[in-house]
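Below is one structure, written out as structure tokens, with a few remarks after it.
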Amino acid sequence: MTDTARTIRVTVWNENVHEQREEAVRARYPEGIHGAVAAGIEENLKGQVEVRTATLEQPEHGLTEEVLAATDVLTWWGHAAHDKVADDVVERVQRHVLGGMGLVVLHSGHFSKIFRTLMGTTCSLRWRSEHDRELVWTLKPHHPVAEGVPSPIVIPEQEMYGEVFDIPDPDELVFVSSFSGGEVFRSGCSFHRGNGRIFYFSPGDQAYPVYHHPDVRRVIANAVKWVAPVESPRDLPRLRNCPTGWYENADGSEARA
């Protein structure tokens, strides 16, 4: 469980490409998708978070070593420019996740370099953008990410994502979505990688105002709180030599590690 006495430092990352190219997206998200996601986190976690944003066009995509070292939770939205994300930045983010930084991957971030790297699969799926209604059904109502949200969450218009979703079996499947075309999708999945927690949540798209939906914003905020690391400093899992009897003379720190 997250230490609620400690402020959660959140970096909301968005490639910010559609907003610059398409007037309709700018009208839908005048502060950018990152602005809408950040606002939802702040309104649901008042007094518990410090939120900054970062975008693709910034030096090192706004994800320098210093920024990531000062980030407890990174949220990721990308779509049109996955290939523009530098591999060394992806490796840096992966190292921080394995060391304990939380990661919330949103919607088309399923195809991002960082998510595919952490999953080890193609993360491919079926899709259709024809104004489908999405119903997000809660499978684990007592999971912290599902706290305070109805089942189903009703999203009047949304891009359809459907199975087969090529990901490893989630540690926990919290939400599953159904669409007006009959498709179903594992839309809320938790994973652990190294010392870090990951939550993937699919609702949200540049073509629809889904990140203004209060229940979607609540889920994202819940996910931020759930993936936030309990302990610091960050620590990569590492190879340890343990001679016979090591624990009898240890002070307990090695056993906890």
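The values are calculated or read from the model by the stated rules, or taken from the named source; none is laboratory data. Given the structure is predicted, the values throughout are model-derived calculations rather than measurements. Cβ atoms come from the backbone with ideal geometry, glycine included; neighbour counts cover every protein chain shown. Just so you know, the surface numbers come from the protein's heavy atoms only, side chains and all, with ligands and any DNA or RNA stripped out. Shrake-Rupley method; radii C 1.70, N 1.55, O 1.52, S 1.80 Å.
Tally the DSSP beta bridges in the range 1-155 and give the antiparallel ones as a percent, rounded to 5.
Details: 3 of 19 bridges.
The antiparallel fraction comes to roughly 15 percent.
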**Net charge contributed by nearby residues that have their C-beta within less than 13 Å of residue 98 (K/R +1, D/E -1)** = +4
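Return the calculated 222 nm mean residue ellipticity for the chain, to the nearest 500 deg cm²/dmol, obtained by summing -39500 (n - 2.57) across DSSP H runs with n ≥ 4 and dividing by the residue count. Spell out each step's value before the answer.
Values: 9 runs with 70 residues, N = 257.
Helix-only estimate at 222 nm: -7000 deg cm²/dmol.
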**Item:** Neighbour count of at most 11 Cβ within 10 Å plus DSSP loop: longest trypsin sites (Lys or Arg not before Pro)-free window in the chain
**Value:** 47-237
**Complete:** Farthest towards the positive end of the dipole of the range 1-94, among 54, 86, 10 and with Cβ unit charges of +1 on Lys and Arg and -1 on Asp and Glu, lies the Cα of 10
**Asked** If you work out Cα extents along the principal axes in Å from the coordinates, which of [x] 50, 50, 33; [y] 51, 38, 32; [z] 64, 40, 37 do you get?
**Response** [z]
**Asked** For the range 39-60 and the range 99-134, what is the separation of their Cα centres, given in Å?
**Response** 20 Å
**Complete:** Restricting to Cα pairs under 8 Å and 6 or more apart, the percent relative contact order of the chain works out to 22 percent
**Prompt:** How much solvent-accessible surface does residue 220 expose, in Å² to the nearest 10, with a 1.4 Å probe and all protein chains in place?
**Reply:** 10 Å²
**Complete:** Tilt, helix 87-99 to longest principal axis of the chain (alpha-carbon atoms), in degrees rounded to tens, equals 60 degrees
**Asked** Roughly what angle does helix 32-44 make with the longest principal axis of the chain, taking Cα atoms, 0 to 90 degrees, to the nearest 10?
**Response** 60 degrees
**Asked** Using a basic spin-label model with each label point 7 Å from the Cα along Cα→Cβ, how many nm lie between residue 95 and residue 126?
**Response** 4.1 nm
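The chain: longest stretch without exposed GluC sites (Glu not before Pro) (DSSP loop, at most 15 other Cβ within 10 Å), sites themselves excluded? Could you put the intermediate results ahead of the total?
Values: sites that count: 22, 31, 57, 147, 163, 231.
Longest run free of exposed loop sites: 58-146.
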**Prompt:** Taking the alpha-carbon centroid of each part, what is the distance from the range 187-257 to the range 135-162 in angstrom?
**Reply:** 21 Å
**Request:** Enter the angle in degrees (range 0 to 90, nearest 10) between the Cα long axis of helix 214-227 and the first principal axis of the Cα atoms of the chain, meaning the one along which they spread out most.
**Result:** 10 degrees
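Please work out the average accessible area per residue across the chain, using the 1.4 Å probe convention, and give it in Å². Before the final figure, lay out the partial values.
Values: 11960 Å² over 257 residues.
About 47 Å² of surface per residue is accessible.
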**Prompt:** Classify the range 1-92: rounded, prolate or oblate, from the alpha-carbon gyration tensor (a ≥ b ≥ c, eigenvalue square roots; a/c under 1.5 rounded; otherwise prolate if a/b is larger than b/c)?
**Reply:** oblate
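Is the range 159-228 best put as rounded, prolate or oblate by its Cα gyration tensor, with a ≥ b ≥ c the root eigenvalues, rounded for a/c under 1.5, and otherwise prolate when a/b is larger than b/c, oblate when not?
Values: a/c = 2.37, a/b = 1.22, b/c = 1.93.
Oblate.
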**Asked** aspartates and glutamates near residue 84 by alpha-carbon distance under 15 Å, same-chain residues fewer than 8 away left out - which ones?
**Response** 15, 57, 60
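Quick check on the range 77-152: take the gyration tensor over C-alpha atoms, sort the square-rooted eigenvalues as a ≥ b ≥ c, and tell me if it's rounded (a/c under 1.5), prolate or oblate.
Numbers: a/c = 2.72, a/b = 1.37, b/c = 1.99.
Oblate.
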